[in-house]
1. Can you give the accessible area of residue 128 in Å² (nearest 10), computed on protein heavy atoms with a 1.4 Å probe?
2. Once you have the Cα-Cα distance between residue 12 and residue 31, take 0.36 nm times their residue separation minus that, and quote the gain in nm to one decimal.
3. For segment 1-75, max minus min Cα coordinate along each principal axis, in Å, sorted largest first?
4. Where in segment 28-53 does the amide nitrogen come within less than 15 Å of the point 7 Å from the Cα of residue 121, taken along Cα to Cβ?
5. Between segment 18-91 and segment 97-127, how many Å separate their Cα centres?
6. So what's the back-of-envelope 222 nm ellipticity for the chain, counting only DSSP H runs of four-plus at -39500 (n - 2.57) apiece and dividing by all residues, rounded to 500?
7. Note down the Stokes-Einstein diffusion coefficient of the chain in µm²/s, whole number, using a Kirkwood radius over alpha carbon pairs, 37 °C, and 0.692 mPa s.
8. Counting only protein heavy atoms, what percent of the accessible surface of segment 13-167 is carbon or sulfur at a 1.4 Å probe?
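The values are calculated or read from the model by the stated rules, or taken from the named source; none is laboratory data. Quick caveat: nothing in here was measured; it's all calculated off a predicted structure. Counting neighbours? That spans all protein chains shown, and the Cβs are built from the backbone with ideal geometry, glycine included. Side chains are part of the model used for accessible areas, which takes the heavy atoms of the whole protein and leaves out ligands, DNA and RNA. Shrake-Rupley method; radii C 1.70, N 1.55, O 1.52, S 1.80 Å.
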Amino acid sequence: RTGWKQKYDKVLCDVPCSGDGTGRKKRSVVRTWDVRHGLGLHALQLAILNRGLELLGYGGRLVYSTCSLNPIECEAVVSAALARHAGLVRLVAAPAWARDLSTPGLASWSVPGAAYGATREVFARFEDVSNPKKARVAATMFPPADGAPLALARRFLPSEKCDSGGF
């Protein structure tokens, strides 16, 4: 993109997140977690990733990371950024060591409504969301219709080798 004077070869976007991937080592996260945390952070995470991509020089590499396993904070953010910067950026395969410690990104997921704790209401498509909920649920939270290559993204699940989860 034009208009940015300084460009970088490498950018790390370690975004603020709900931290649900750290529940194994930090039990208070499990007790206090709420679906609204991920819903509320999605726009900020996407803005940070988009800014990181704007600062990335041609041929550069950006790493997007969270300590969350919530697809709304992970795959949905990456998918939305790929759509916005279509033709300018792409996902690349992770190094072998990272593939050995992780699983591929999700291809599909449901999006909970802000009142999920009380209603257990989830949506498969943005078109299914009623008007009052649109303030908390954005179109960018849903899986891509075109089947973007999210399998190249990596999910690090808590294990003996990795005490915390993340993306």
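1. Using a 1.4 Å probe on the heavy atoms, I get roughly 70 Å².
2. In short, 3.9 nm is gained.
3. 45, 22, 17
4. 36, by backbone N distance to the label point.
5. 13
6. Values: 5 runs with 46 residues, N = 167.
After summing the helix terms and dividing by the residues of the chain, the value is -8000 deg cm²/dmol.
7. Details: Rh = 16.7 Å.
Roughly 197 µm²/s, to the nearest whole number.
8. Details: 4740 of 8420 Å².
Here carbon and sulfur together make up 56 percent of the probe-accessible area.
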